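Values quoted throughout were computed directly from the atomic coordinates according to the rules given, and no laboratory measurement underlies them. Since the structure is predicted, the reported quantities are computational estimates derived from the model, not experimental observations. Note: ideal-geometry Cβ built from the backbone for every residue, glycine included; neighbour counts use all protein chains shown.
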Amino acid sequence: MSDQSQTAPTVANPVIPGFHPDPSICRVGDDYYLVCSSFEYFPGVPVFHSRDLVHWTQIGNALERASQLRLPADTPSSAGIYAPTLRHHDSRFWLVVTNVSTGGGNMLFTATDPAGPWSDPIRLPGVRGIDPDLAWDEDGTCWCTFAGIEQVRIDPQTGETFGPQRKLWSGTPGAASPEAPHLYRIGAYWYLLIAEGGTERGHGVSIARGPAPTGPFEPCPANPILTHRGSDRPIQNTGHADLVQAPDGTWWMVLLGVRPRGGTPGWHILGRETFLAPVSWVDDWPVVGELTPDMAAPAWPLSIAPEEVGRDDFDLPELRPYWISPRSRPDGHCTTKERAGWLTLRARGASLDDTDATFLGRRQRHLAWRARVRIDPSWGRGGLAVRLDERHHYEIEASDGQVQVVARIGPLRTVVAARPVPAGPLVLGVRTAEAQPPDDARTGPDALSFGVDTLDGAFTELCTLDGRYLSTEVAGGFTGRVVGMYAAAGSVHFDWFDYDPLHVT
Ligand code: 6LW
């Protein structure tokens with residue numbers, strides 16, 4: 001919250017910063033729940049809770065058992081779990097997602113508590129498209145609508161489909177990728193909300209309405225109802241939205257956007273993030289309010305939700321829900337039970353280049369930040385890494401009385417800096433560099449400094465690296481930076497992990 005005394009209170013947007021794309025939201029009483037795509041990471045589909053739409057706490061991950069989510073080693077980065085829809089119907093929560101990796105397809109899960117446990121998957125082999133949505137009409141018929149925009153009737157208890165897949169709408173003529181549909185009954189109409197223009201700078205949100213869930217649909221004359229394409233706004237790639245009504249009757253949209261930084265073409269480093277925008281209605285069409293980094297606060301009292309920053313001491317038997325790993329997290333390779341109060345990682349792949357690397361990380365949530373870890377590499381080799389994917393990562397690695405900083409950028413891999421250190425536990429760190437790059441057309445989004453903490457607690461820098469190579473514009477794909485710990489040989493122990501925002505000018 002900013003200054004309340006003189007100006008109207010504002011809240012920070014994104015409301016869920018960091019790699020949290022494709023938000024889908026529902027409300028039950030005074031509680032809101034929201035889910036996001038998780039791609040190649042396990043556990044999958046983070047679940048958030050809020051009572052004010054502004055402050056969100058992660059309460060779990062919907063897909064946390066191998067019986068719910070198997071991501072084989074050949075799952076490319078940015079494949080895996082796409083675009084969930086979350087709904088509450090008949091006293092149950094319903095979640096439908098696409099797993100685009102081998103053996104995947106569309107799957108439906110149910111839960112009575114959105115924090116879990118969620119059911120095993122009900123497969124939807126008859127739904128042939130990504131971005132599935134669920135909507136029930138007045139007689140209880142369930143419609144699954146997906147990218148295209150197409151629709152088929154389903155039995156959500158069994159996954160059976162009935163009748164042909166019907167094309168509902170193609171969005172604005174000429175616009176790329178009509179996708180991410182959500183279908184709602186609001187007042188006299190059924191509304192079909194979609195994303196179009198592609199999930200890059202051309203992204204936008206459009207809507208159509210009709211008399212029935214099956215259409216026919218009439219496009220809104222004001223489409224796209226939201227886009228920042230071609231603008232100089234700080235939030236770009238806006239699209240993939242979902243609508244929710246607050247208990248006071250006001251309407252809100254959650255959507256994804258990115259914050260490009262640096263010179264041209266602009267790099268975004270946190271992936272696609274979840275933003276909030278107010279919605280009003282004119283002539284039975286939704287009108288989206290200003291989407292800015294500081295938005296006017298909703299009219300209700302805001303909750304105090306502490307941000308999940310600071311230290312994880314690994315003192316709990318279970319890992320906190322924000323920890324994720326590429327593809328899988330076998331107990332034997334990632335445990336807090338081997339050495340009390342420490343996290344132990346056991347190597348599978350020999351480096352973060354490998355698809356079976358042992359890595360446990362959390363999403364980078366701030367533009368300026370710092371992470372530190374106390375590591376004991378006495379029985380192996382490992383360290384602290386910032387990961388975009390297998391081909392784009394920087395890490396500071398400890399072994400054998402030495403630390404080194406390694407950069408992997410596309411096909412190139414190089415040791416950038418090295419220095420001897422005393423054997424035994426030590427503190428490794430990475431932080432947004434204090435001296436930011438000069439401002440010109442070629443400037444990158446940020447710079448990252450890697451170093452070790454010396455005995456007096458001071459940070460001794462080994463090197464600073466340009467952050468653009470860990471951005472979506474360089475690496476490609478749908479995800480964002482994840483920062484965490486890894487083991488590349490033997491067993492590596494971690495006493496604690498700190499993650500904190502920084503104020504860098
Ligand atoms: C998702 C599509 C999209 O399936 O990106 O931004 C794809 N929208 O709707 C992956 O998140």
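Quick look at the numbers
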read-out: Inter-site label distance for residue 454 and residue 339 at 7 Å from Cα along Cβ, in nm; value: 2.6
read-out: Extension reserve of the residue 442-residue 123 stretch, reckoned as 0.36 nm per residue once the Cα distance is removed; value: 110.1 nm
read-out: Translational D in µm²/s for segment 310-501 (Stokes-Einstein at 10 °C, 1.306 mPa s, Kirkwood Rh from C-alpha pairs); value: 96
read-out: More than 34 angstrom apart: percent of Cα pairs within the chain; value: 36
read-out: Distance-filtered residues of segment 475-505 - backbone nitrogen under 12 Å, label point 7 angstrom along residue 368 Cα→Cβ; value: 501-505
read-out: Geometric extent, Cα atoms of segment 47-204 - Rg, Dmax (angstrom); value: 15.9, 48
read-out: Relative contact order (%) - criterion: Cα under 8 Å, at least six apart; region: the chain; value: 14
read-out: For segment 24-288: relative contact order, % (alpha-carbon pairs under 8 angstrom, 6 or more apart); value: 10
read-out: For the chain, calculated [θ]222 nm from helices alone, where every DSSP H run of n ≥ 4 adds -39500 (n - 2.57); value: 0 deg cm²/dmol
read-out: Spatial separation of Cα centroids for segment 252-270 and segment 354-375, in angstrom; value: 20
read-out: Rounded Å value of the spacing that divides the Cα centres of segment 185-246 and segment 68-109; value: 23
read-out: Simple label model, 7 Å out from Cα along Cβ direction - residue 188 to residue 285, nm; value: 1.6
read-out: Order of 446, 232, 31, 312 - criterion: other Cβ atoms within 10 Å of each residue's Cβ, fewest first; value: 232, 31, 312, 446
read-out: Low-density loop positions, trypsin sites (Lys or Arg not before Pro), segment 293-364 - DSSP coil, at most 15 other Cβ in 10 Å; value: 337, 339
read-out: Cα shape, segment 24-288, gyration tensor, a/c 1.5 rule; value: rounded
read-out: GluC sites (Glu not before Pro) lying in DSSP loop within segment 276-328, provided at most 11 other Cβ fall within 10 Å; value: 290, 318
read-out: Pairwise label distance in nanometres, residue 138 with residue 414, each label 7 Å out on the Cα-Cβ vector; value: 6.8
read-out: Residue order, fewest to most surrounding Cβ atoms within 10 angstrom, among 393, 49; value: 49, 393
read-out: Neighbour-count order for 93, 19, fewest beta carbons within 10 angstrom listed first; value: 93, 19
read-out: Computed magnitude of the charge dipole of segment 24-288 (debye, nearest 20; Cβ of K, R +1, Cβ of D, E -1); value: 560
